[in-house]
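Trainee: Submitted below is the structure of interest, expressed as C-alpha cells.
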Amino acid sequence: MLPFDDRDGVIWFDGKMLPWRDAKVHVLTHGLHYASAVFEGERCYGGRVFKMTEHHERLHKSAKLMGFKIPYDVAEIDAATDAVLAANGIVDGYVRPIAWRGSEMMGVSAHNNTIHLAIAAWEWPAYFSPEARLQGIRMTIGKYRRPDPATAPVESKAAGLYMICTLSKHDAEQRGFNDALMLDWRGRVAEATGANIFLVQDGKLHTPTPDCFLDGITRRTVIALARERGYEVIERVILPEEFAKTQEVFLTGTAVEVTPVREIDDYRFTPGEITRDLLEAYDNLVQRQHGKAAAASASAA
C-alpha cells in the first residue's frame, strides 16, 4: 500500500495546485494539537462527485460549528474539487477536503489563526460486487460511546469526534471483527465508526434518530430511495436488545455505500430482500450519474 505522504499527483492547497509530496503543514499547527479541523469524505463516480455541493455545504456548516469560517465559498470548493479530479485523472475515487486552523497561535485559544483548506483525491474503485457485499460484515459493540450534544459539536464532521471511532475500530479489528457499533451516551444504538445503521424488522426500516451523530448524506439518500419503493422508514430510539427481533441490518455511508451486516456480537442476521433492493437501488443511482458524466464528457469532446 502506498503511504499517503509519498504519492504522485497534485493536491489543491489554499487555492494552488501543489505537487502531492509538497502539501505539508507545520508540526505546530493548531489543527494537529487541538483537533480544530473539519473534513468531508466524498465518492467520485465517472469523474463526478456524488452530491458534491451537499458535502461542501456541510463542510461550511461544520466549520461554523467549530467557530471558524472557511475562506472559500461552496461554489469555489466545488470548482476546486473538479479541478483536482481532472488534474489527477480520477474517474472512480475518493475525495477528502479538510479545513483547519493554522499555526499563528499555539494554545487552546486561537482566534487569530489562519484558516486553511486542502482537497486531495485518489483512486477508489468499487471493492466488492453486490453479491460479495451481500455476505455481510461482522461487528461488535464498541467500548466508547457517542457523546452527549451538550459536551461536543456533534452535528459537525469534526476531526476530534473521530478519535473514539479510531480506537473502537482498532479494538474491533484486533478481535477479528470488521467494525464497531457505537452506542450513544444513554446506551442507545447510534452508528458504526464511520457509517449510519438501519434495521429491518417485519418489513419495516428502523434507524436511530441522529441527535448525537451525523445525519449522513448517504443515510438521507437511502431513506429517500426506500420511501420511493414503498418501504416504511421509522426514525426512533433503538436499544441494543432489539437486535433479537431484527431480521436484517445494513450500514450506509460514503465509503461503505450500502453494506449488509451479518453479525453483531451474539446476534445473527441474513441480508435479505430489502437490503438487496436498497443496495442495488443505491448502486444504480450512482451509476446513473456515472453514465451522465460519461455522456457529458463525450458530448464535450
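Trainee: Restricting to region 132-174, count the residues that are outside any helix (DSSP H, G or I), of a type in the set (S, T, N, Q) and closer than 25 Å to Leu279 by Cβ. Reasoning before the result, please.
Mentor: Applying the first criterion (outside any helix (DSSP H, G or I)) to region 132-174 yields 134-158.
Pick out the ones that are also of a type in the set (S, T, N, Q) and you get 135, 140, 151, 156.
This time we only want the ones that are closer than 25 Å to Leu279 by Cβ, so: 135, 140.
Summing the residues that are outside any helix (DSSP H, G or I), of a type in the set (S, T, N, Q) and closer than 25 Å to Leu279 by Cβ in region 132-174 gives 2.
Trainee: Here's another thing I want to ask about it. Is it the case that Leu28 is out of contact with any helix residue (DSSP H, G or I) (no Cβ under 8 Å at 6 or more places or on another chain), open to solvent by less than 70 Å² (accessible area, probe 1.4 Å) and either within 21 Å of Ala86 (Cβ to Cβ) or in a loop (DSSP other than H, G, I, E, B) (or both)?
Mentor: Details: out of contact with any helix residue (DSSP H, G or I) (no Cβ under 8 Å at 6 or more places or on another chain): yes; open to solvent by less than 70 Å² (accessible area, probe 1.4 Å): no; either within 21 Å of Ala86 (Cβ to Cβ) or in a loop (DSSP other than H, G, I, E, B) (or both): yes.
The answer is no for Leu28.
Trainee: Of the residues that sit in region 58-112 and are hydroxyl-bearing (Ser, Thr, Tyr) and farther than 22 Å from Glu155 by Cβ, which one is farthest from the chain's Cα centre (by Cα)?
Mentor: It comes out as Ser109.
Trainee: Go through Gly102, Gly89 for me and flag whichever is on the phi < 0 side of the Ramachandran plot, modelled with pLDDT of 95 or more and open to solvent by less than 60 Å² (accessible area, probe 1.4 Å).
Mentor: Details: Gly89 fails: on the phi < 0 side of the Ramachandran plot.
Every option except Gly102 fails the conditions.
Trainee: Of all residues in region 250-280, count the ones that are in a helix (DSSP H, G or I) and open to solvent by less than 40 Å² (accessible area, probe 1.4 Å). Reasoning before the result, please.
Mentor: Looking only at region 250-280, we keep the residues that are in a helix (DSSP H, G or I), and these are 273-280.
Now drop any that are not open to solvent by less than 40 Å² (accessible area, probe 1.4 Å), which leaves 274-275, 278-279.
Selection size over region 250-280: 4.
Trainee: Would you please name the residue that is nearest to Val189 (Cα to Cα), looking only at residues in region 219-237 that are out of contact with any Phe, Trp or Tyr (no Cβ under 9 Å at 6 or more places or on another chain) and surrounded by 15 or more Cβ atoms within 10 Å (Cβ to Cβ)? Lay out the reasoning, then the answer.
Mentor: Within region 219-237, the subset out of contact with any Phe, Trp or Tyr (no Cβ under 9 Å at 6 or more places or on another chain) is 220, 224, 227-232, 234-237.
Next cut, surrounded by 15 or more Cβ atoms within 10 Å (Cβ to Cβ) only: 220, 231, 235.
Values: Arg220: 18, Tyr231: 21, Glu235: 12 Å.
Looking at the filtered set, the residue picked out is Glu235.
Trainee: When only residues in region 238-249 that are in a helix (DSSP H, G or I) and of a type in the set (Asp, Glu) count, which is surrounded by the fewest Cβ atoms within 10 Å (Cβ to Cβ)? Write out each step before concluding.
Mentor: Going through region 238-249, the residues in a helix (DSSP H, G or I) turn out to be 240-245.
Subset that is of a type in the set (Asp, Glu): 241-242.
On the way: Glu241: 9, Glu242: 15.
Filtering first and then ranking leaves Glu241.
Trainee: Which pairs turn up if I take residues in region 157-181 that are of a type in the set (Lys, Arg) and look for partners that are outside any helix (DSSP H, G or I) with beta carbon separation below 7 Å, at least 6 apart in sequence or on another chain?
Mentor: Lys157/Val38; Lys157/Phe39; Lys157/Glu40; Lys157/Leu214; Lys169/Asp179; Lys169/Ala180; Lys169/Thr193; Arg175/Thr140
Trainee: Residues of region 89-124 being within 20 Å of His56 (Cα to Cα), assigned to a loop (DSSP other than H, G, I, E, B) and hydroxyl-bearing (Ser, Thr, Tyr), which ones?
Mentor: If the condition is that a residue be within 20 Å of His56 (Cα to Cα), assigned to a loop (DSSP other than H, G, I, E, B) and hydroxyl-bearing (Ser, Thr, Tyr), then Thr114 is the only one that fits.
Trainee: Name the residues in region 105-161 that are at pLDDT 95 or above, open to solvent by less than 20 Å² (accessible area, probe 1.4 Å) and over 28 Å from Thr29 (Cα atoms), would you?
Mentor: Residues satisfying the conditions are Met139, Thr140, Gly142.
Trainee: Hey, another quick one. Could you give me the residue pairs with C-beta distances under 8 Å whose first residue belongs to region 100-125 and is free of Cβ contacts under 8 Å to residues at least 40 places away in the same chain, whose second residue is basic (Lys, Arg) and part of a strand (DSSP E or B) wherever it lies, and which are 6+ apart or on separate chains?
Mentor: Thr114/Arg101
Trainee: Report, by residue number, each residue of region 175-184 that is in a strand (DSSP E or B) and among the charged types (D, E, K, R). Break it down stepwise before answering.
Mentor: Kept after step one, since they are in a strand (DSSP E or B), are these residues of region 175-184: 179-184.
Correct list: Asp179, Asp184.
Trainee: Within the group His55, His33, which residue is of a type outside the set (Gly, Ala, Ser), modelled with pLDDT of 95 or more and surrounded by fewer than 19 Cβ atoms within 10 Å (Cβ to Cβ)?
Mentor: Values: His55 fails: surrounded by fewer than 19 Cβ atoms within 10 Å (Cβ to Cβ).
After applying the criteria, what remains is His33.
The values are calculated or read from the model by the stated rules, or taken from the named source; none is laboratory data. Predicted model only: the values in this text are computed from it and were never measured. A quick note on method: Cβ atoms are made from the backbone with ideal geometry, for glycine too, and the neighbour counts reach across all protein chains shown. Please note that ligands, DNA and RNA were not included when accessible areas were found on the heavy atoms of the full protein model with its side chains. Shrake-Rupley method; radii C 1.70, N 1.55, O 1.52, S 1.80 Å.
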